Amino acid sequence: MRRTCEPELMDDGLQASAYAAADFSAGDQAVLERCVAVLAERPAARRQRLLDLGCGPGNITFLLAERFPAAQVIGVDGAAAMLQIARDRQAQDPSRWRALSFVQGLLCGTGLQSESSGAAALAAGFDALVSNSLLHHLHEPQVLWQALPALAAPGAAVYIKDLRRPVSEQAAQTLCERHLAGAPEVLRHDYLASLHAAFTAAEVRLQLQHAGLDQALQVNEVDDRYLEVWGHLG
Ligand SMILES: C[S@@+](CC[C@H](N)C(=O)[O-])C[C@H]1O[C@@H](n2cnc3c(N)ncnc32)[C@H](O)[C@@H]1O
């Protein structure tokens with residue numbers, strides 16, 4: 001099946017609310033555990049600044065902040081609608097999430113662009129770069145691969161998870177029925193669009209080669225619909 005891009009940002013209020021209301025907790029927890037495992041590969045490495053790229057409503061960002069209470073955890077997303085939901089969640093218990101911040105920023109050819117007041121928090125030197133379900137949104141995937149070394153501290157851990165593109169339209173429909181039966185129509189529509197926009201593991205390996213990251217980062221297929229990219233930079 002050929003790749004069909006979808007809009008990069010999830011900036012529609014209805015779309016953002018439907019996404020935030022969906023229960024992705026099992027998948028989110030699995031992402032957290034893999035992040036912890038990748039970080040544990042270098043026990044002596046710093047874990048002071050962690051960045052969640054394309055954080056959406058903050059599902060993974062909050063889990064990271066809970067698991068690493070001594071770290072400064074930052075979620076960045078280009079969509080104001082998503083960030084508003086993340087900040088509203090944070091505001092429900094501000095003392096619990098003191099070391100957490102959400103910043104509006106856009107991944108683009110030169111890295112992260114932000115004109116928001118919190119932009120200084122996005123300065124390079126992150127000890128971990130994490131991203132869930134961002135890659136397939138990017139029209140030009142090198143934007144992510146080139147941003148990683150620019151944002152990373154030496155030895156930074158990377159963990160990225162995303163959907164992978166099925167072989168056919170029929171296979172995409174089957175996945176949608178299997179995993180989103182009974183979900184709201186807006187979510188099913190977005191899920192199918194995401195499957196069409198996703199990359200295959202082979203495509204991601206080529207992207208990493210072009211970015212010069214293929215020695216540092218590995219690509220795996222996970223379950224029936226995901227791929228993960230992980231490793232350490234420098
Ligand atoms: C499917 S959501 C995933 C949200 C979150 N990572 C999670 O796991 O729940 C993808 C997010 O990436 C954001 N995004 C897409 N392209 C982006 C870009 N170029 N720069 C910043 N954020 C982007 C979208 O706005 C959206 O919130």
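The numbers here are math on the coordinates, done by the rules we state, and not lab data. Here the structure is a predicted model, which means the values were calculated and not measured. Counting neighbours? That spans all protein chains shown, and the Cβs are built from the backbone with ideal geometry, glycine included.
Between Ser194, Ser116, Ser17, the Gaussian network model of the chain with springs among Cα atoms under 10 angstrom shows the greatest mean-square fluctuation at Ser116.
So for Cys35, Cys5, fewest C-beta neighbours within 10 Å to most, what's the order? Kindly include the intermediate steps, with their values, before the conclusion.
Values: Cys35 27, Cys5 13.
Least crowded to most crowded, the residues run Cys5, Cys35.
Quick check: residue separation of Ser95 and Leu180 times 0.36 nm, minus the Cα distance between them. What number comes out in nm? Walk me through the intermediate numbers first.
Numbers: separation 85, 0.36 × 85 = 30.60 nm, distance 3.52 nm.
Length gained between Ser95 and Leu180: 27.1 nm.
At 0.36 nm per residue, minus the direct Cα-Cα distance, what do Ala21 and Glu41 gain on full extension? Give it in nm, one decimal, please.
Full-extension gain reported as 3.8 nm.
Translational diffusion of the chain, estimated by Stokes-Einstein from the Kirkwood radius over alpha carbon pairs at 10 °C in a medium of 1.306 mPa s, is 89 µm² per second. Here the label points at Ala70 and Leu187, each 7 Å from Cα along the C-beta direction, are separated by 3.7 nm in the simple model. Distance between the 7 Å Cα→Cβ label points at Asp214 and Ala202: 1.4 nm. Sites count as exposed loop sites when they are GluC sites (Glu not before Pro), lie in a DSSP loop, and have at most 13 other Cβ atoms within 10 angstrom; the longest stretch of the chain without one is 116-234.
Normalised by the number of residues in the chain, what is the relative contact order in percent for Cα pairs under 8 Å and 6+ residues apart? Each step should come with its number before you reach the end.
Values: 426 pairs, mean separation 52.0, N = 234.
Once normalised by length, the contact order is 22 percent.
Looking at region 13-233, the DSSP beta bridges with both ends there are about 45 percent antiparallel.
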